[in-house]
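The values are calculated or read from the model by the stated rules, or taken from the named source; none is laboratory data. As the structure is a prediction and not an experimental result, all values here were calculated from the model. Here the Cβ is made from the backbone with ideal geometry for all residues, glycine too, and neighbour counts use every protein chain on show. To get the accessible areas, we keep the full protein, side chains included, count just its heavy atoms, and leave off ligands, DNA and RNA. Shrake-Rupley method; radii C 1.70, N 1.55, O 1.52, S 1.80 Å.
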Amino acid sequence: MRHIITLILLAVISLKSFAQVQEVDPEIAREILEAIDKKHASYKAMKIDFTLTVDNKQSNTKTEHIGSLKVMDKKYHLSILGNETFCDGKNIYSYSKDNNEVTITSMDEEQINMSPIQLLSAWKEGYKLRYLGDADIDGYYSTEIDLYPVERTSPIVRIRVTLEQKTKNLRKILQQTKDGMLMTYFINGIEPVDNISEDSFIFNESKFPGVEVIDMR
């Protein structure tokens, strides 16, 4: 589940459609990403609806899942694959619907770095940027930016972010890993939320009758 959270806003695809485009000053890519970061930082909270496609090249399987994410400060609520993850800023509650159990862990430094809170600004450290230019993609005139991990030991091969050129809204985020996984996040919508309740980020045991609690704090 943490792996899925980390990848909600990071992803990659091949360079086929932009194979003839030469690398441009990475500062152009940085300026675009900084503008998006500033835009999202202005929201009190936000809700992201997405469709996740997981393409496993090794097993030759492909699956599709609908998900949603709410974020506010250090708090978030992720719903995907029939499971839910709540974070109240201090603890993380990972609920499995199939097992009707919730695992509670403290939000340590590693989990903070892997949380959705860090995803929109993850590009600031540890990645080389490449601005690929604009093109018509999936019916939208879009801008694409590639991110390459600096550390060669990273499991990530390459990340690609696709934005609608006119609005600079995120359209698609993809990630390719060394183990042959291609995860594509189609962003169906990102919108600010001004009246979100704190309860949205709290696991309420009374709403999950008979749930087994595994406290690992």
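Just a few scattered comments:
- Segment 123-217: C-alpha gyration tensor shape, a/c 1.5 cut-off, then a/b vs b/c: oblate
- The stretch between Asn204 and Thr153, if pulled fully straight at 0.36 nm per residue, gains 14.4 nm over its current Cα-Cα span.
- Counting only protein chain heavy atoms and rolling a 1.4 Å probe, the accessible areas of Thr105, Thr153 rank, largest first, as Thr153, Thr105.
- Filter on Lys75/Lys124; Lys90/Lys207; Lys57/Lys166; Lys75/Lys166 - keep pairs with C-alpha separation over 27 Å: Lys57/Lys166; Lys75/Lys166
- Counting Lys and Arg as +1 and Asp and Glu as -1 over every other residue whose Cβ lies under 15 Å from the Cβ of Ser197, the net charge comes to 0.
- Rolling a 1.4 Å probe over the heavy atoms of the protein chains gives segment 135-217 an accessible area of 57 Å² per residue.
- Partner lysines whose Cα lies under 24 Å from the Cα of Lys128, excluding those fewer than 8 positions away in the same chain, are identified as Lys16, Lys38, Lys39, Lys168, Lys172, Lys178.
- Formal net charge of residues neighbouring Lys124 (Cβ-Cβ distance under 9 Å; K, R +1; D, E -1): -2
- The solvent-accessible area of Asp138, taken with every protein chain present and a 1.4 Å probe, is close to 110 Å².
- Per-residue surface analysis assigns Arg217 an accessible area of about 140 Å², computed on protein heavy atoms at 1.4 Å probe radius.
- Segment 30-188 - Debye-derived log10 I(q)/I(0), Cα point model, q = 0.13, 0.14, 0.17, 0.21 Å⁻¹: -0.71, -0.83, -1.25, -1.65
- Accessible area in the full protein assembly, largest first, 1.4 Å probe, for His65, His40: His65, His40
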